[in-house]
Amino acid sequence: MAGELIKDRLIHGGDYNPDQWLEYPEILKADIAYMKEAKINCVTLGVFAWAKLEPEEGRYDFEWLSEIMDRLYANGIYTILATPTGAVPHWMSEKYEEVRKMSGSGICRLHGQRHNFCYSSPVMRQKTREMDQALSARFGRHPGLIAWHISNEYGGDNDGIGCHCPYCEASFRKWLRNRYGSLEELNRAWWTTFWSNTYTDWGQIHSPSDNGEHTMHGLKLDWKRFISDQMLDFCKEEIAAVRTGSTAPALCNFMGAFKPLDYFRWAKELDLVSLDNYPFWHFAENESEMAMRASFLHTLTRSLKKQPYLMMESTPSVVNWAPRNSLKRPGMHELSSLQAIAYGSDSVQYFQWRKSRGGAEKYHGAVIDHKNGDNTRVFRDVSRLGARLEQISERVKGTCNRPRAAIVFDWENWWAADDAMAVVQPFDYLGRWMDYYRVFWEKGIDVDIVDMDDSLENYALVIAPVNYMYRGKYAGNVRGYVENGGVYVTTYWSGEVNESDLCFMDHHPLSDVLGIRTEETDVRPEHMDNQISYEGKSYEIKDLCALVHAEGAEVLATYQKDFYAGYPALTVNRYGKGKAYFIASENSVFFLRDFYDRLFQETQIICTFDACLPEGVAVSERKGAAESDSVWFIMNFNADVAEMTVHRAYQNIETEDEINGTVQLLPYQCLILTIPQRERKQK
Ligand code: GLA
Ligand code: ZN
């Protein structure tokens, strides 16, 4: 879908705020010339433009936007048009107090910053509907319009607890009635007899607050679900409003692994998803960790819909909000942008086209700076990349990563696991989960990320690390998956609670599939080391050690020390036509590397790029309709030359040179390769 926005071309663009420059016509004129020079083919307009679009209540001024959109289109530049709800204008918060958010202690916030409104307020919803419908009526059929950018980075003030005003509390109660039907059911699900919490009236239910109830697991989990759903509900109203006069696809700019919003649920309501991508390059001497994390965010975003997405924002040079804002070193801009394409993005877009002259982000990187026009290092970097994107578009468009392995990553599990008040605090689900992603990245094997609602059918291997909660039909799906021949791997601190955060009774829900009985979970005391023994080697344990008993499963590794020396640390069980592994101990990456080799052998999953990859060199494959249409991105994240050995001939799609044998990768170089033309013809 992302691929179809502009025919045959990858998108190169970014946030453009001409509304800040309406008094500078010469700047607006120069912008278009520079855009053409940098091979920008699309801009995002109107993010944060509400005060210019509706300077006073009910008086719309769309003329300036219309002129700019026309002019851009006449110059071959398309528009992604934003709805302006990223920030509301002063007149709105002054006139309608209900639009302002309320803190958990009941204090009404003053107007300020952005994301500065309540998602439940009827006035806010009405004003938004009117604005979005008016934009749709005016621009919905503009030939330059290719997509709607709904709001900006939904998420409120990023604290995840949202607004606590009476409208929000009423909506929360309604949401709960929908979920549970009766108070009795809710009391059961939340286990409210604990600490005398039994509710006898819906009105007794309040949002969690530091000033009140903030320990009840059921309440907190449902509040998190509600916040995500309530913002999504607001977003859906915006989508419906822009649909009144337009068929252009709707998207939101997501923030990757942003905890408060369950993006898997959100993605189902959107035509397209996108990522705002801001890794801190050059923070560490070894760039691998950052490169791995960035690739995770790209992979996650692509996995939300299992189709190409857009990298909606990235900085061409520097951000202004990191503790230390280092410039991208020469080469890093091209590499980090092509990294997005490598994992499934059909675009490279920037925040922002031109640096604002004032305001909190005046020193944030941009394609155009305050003084130098096109005569800058950054502009040249961007232009060079623009030319590369144009050149590779034809080969890359229509391809997508199609991994045979998946890792389960689930927002509800994240919320519940981090809140469990057990083992280690703070728990850090994401950090522990990342160990299991890291090895895929290191070995150059693409992986999809699925949540507990996704189908597992298409994968030869599914890994479910720290899968604390089992919700919906998940356990049944896993059982069916293994029965039919799938290889499933799960770990310590899995299958503990149901979707109401109530502990499972009697046995682990997958005890039959795993062939084990689970008992306690230890946290290794910091002053005591411990290891596991696996295939004649010893591996250090990190923190968590599940104590389990093999009941049918084969024991592949055991603990070496402490009162549970000899207990299983890794088991495998044959079930139906498949196998299920249980990793009891929280292990170092050294173990995971060796263990994954076994898994890959068993499932015949290989790095499809036939080469030995040096450290810091990553690879990702976008598959085409035919095998010979595949495109591999070879990314050197080292600041030095890296040497790799390639075991077959590949062709560089940009230079058409063939490579084979020993290949030197320049610092931060990204090679884009395919099967040589001569071989493709034979097929
Ligand atoms: C986010 C926002 C942008 C801008 C950038 C700065 O992604 O969407 O408006 O603030 O951050 O990095
Ligand atoms: Zn509210």
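The values are calculated or read from the model by the stated rules, or taken from the named source; none is laboratory data. In this text the structure is predicted, and so the values were computed from the model without any measurement. Note: ideal-geometry Cβ built from the backbone for every residue, glycine included; neighbour counts use all protein chains shown. Accessible surface areas use protein heavy atoms only, side chains included; no ligands, DNA or RNA. Shrake-Rupley method; radii C 1.70, N 1.55, O 1.52, S 1.80 Å.
Just a few scattered comments:
- Taking only alpha carbon atoms, the range 434-547 gives an Rg to Rh ratio of 0.98, where Rh is the Kirkwood radius.
- Cross-link table Lys36/Lys623; Lys305/Lys542; Lys305/Lys328; Lys259/Lys305, entries beyond 25 Å C-alpha to C-alpha: Lys36/Lys623; Lys305/Lys542; Lys305/Lys328
- 3J(HN,Hα) couplings calculated from phi for the range 583-599 with the Karplus curve 6.51 cos²θ - 1.76 cosθ + 1.60 (θ = phi - 60°) are, in sequence order, 9, 7, 9, 8, 9, 6, 5, 4, 5, 4, 4, 5, 5, 4, 4, 4, 4 Hz; Gly and Pro show x.
- Percent carbon-and-sulfur accessible area, the range 412-485, ignoring ligands, DNA and RNA, probe 1.4 Å: 43 percent
- Across the range 27-35, rounded Karplus estimates of 3J(HN,Hα) from the backbone phi angles (6.51 cos²θ - 1.76 cosθ + 1.60, θ = phi - 60°) give 5, 4, 5, 4, 3, 5, 4, 5, 4 Hz, Gly and Pro being marked x.
- Rolling a 1.4 Å probe over the protein heavy atoms gives the range 20-137 an accessible area of 43 Å² per residue.
- Partner lysines for Lys579 [C-alpha distance under 20 Å; skip if fewer than 8 residues away on the same chain]: Lys473
- Backbone N within the range 84-102 under 15 Å of label point (7 Å from Asp61 Cα along the Cβ vector): 89-91
- By definition, a body whose alpha carbon gyration tensor gives a ≥ b ≥ c is oblate when a/c is 1.5 or more and a/b is not larger than b/c, and the chain fits this oblate description.
- Between Asp640 and Gln664, the simple label model (points 7 Å from Cα in the Cβ direction) yields a spacing of 1.4 nm.
- Legend: distances between Cα atoms for Lys29/Lys371; Lys443/Lys577; Lys7/Lys397; pairs beyond 18 Å are Lys443/Lys577.
- FRET efficiency, 1/(1 + (r/R0)^6) with R0 30 Å, evaluated for Trp91 and Glu26 via beta carbons: 0.45
- In summary, the aspartates and glutamates within cross-link reach of Lys174, defined as a Cα separation below 14 angstrom excluding same-chain residues under 8 places away, comprise Asp201, Asp222, Asp229, Asp233.
- Averaging the Cα positions of each part gives two centres, and for the range 45-90 and the range 107-140 these lie 14 Å apart.
- On the beta carbon distance between Arg324 and Met528, with R0 = 22 Å, the FRET formula returns roughly 0.05.
- Sequence-distant contacts, meaning Cα pairs under 8 Å at least 6 residues apart, place the relative contact order of the range 405-603 at 20 percent.
- Phi angles of the range 543-550 translate, via the Karplus equation with coefficients 6.51, -1.76, 1.60 and θ = phi - 60°, into HN-Hα couplings of 10, 9, 9, 7, 9, 10, 10, 6 Hz per residue; Gly and Pro are given as x.
- Cross-link reach list, aspartates and glutamates versus Lys355, counting only Cα pairs under 17 Å and skipping chain neighbours closer than eight places: Asp15, Asp19, Glu23, Glu26, Asp31, Glu313, Asp369, Asp374, Asp381
- For a label point 7 Å along the Cα-to-beta-carbon line of Lys371, residues of the range 307-327 with backbone N under 16 Å: none
- Sequence-distant contacts, meaning Cα pairs under 8 Å at least 6 residues apart, place the relative contact order of the chain at 11 percent.
- Cα→Cβ-extended label distance, 7 Å offset, between Thr198 and Arg141, nm: 6.3 nm
- Three-way shape label, the range 489-599, alpha-carbon gyration tensor, a/c 1.5: oblate
- Beta bridges assigned by DSSP with both partners in the range 1-133 are antiparallel in approximately 20 percent of cases.
- Solvent-accessible ranking of Arg471, Arg479, Arg265, largest area first, probe 1.4 Å: Arg265, Arg479, Arg471
- Of the beta bridges in the chain, as assigned by DSSP with both residues counted there, near 55 percent are antiparallel.
- Cut-off under 5 Å, modelled amide H: who pairs with Cys165 long-range: Met102
- The mean accessible area for residues of the range 532-622, using a 1.4 Å probe and ignoring ligands and nucleic acids, is 42 Å² per residue.
- When every Cα-Cα distance of the range 405-603 is counted in 10 angstrom steps from zero, the calculated P(r) takes the values 9, 39, 41, 11, 0 percent.
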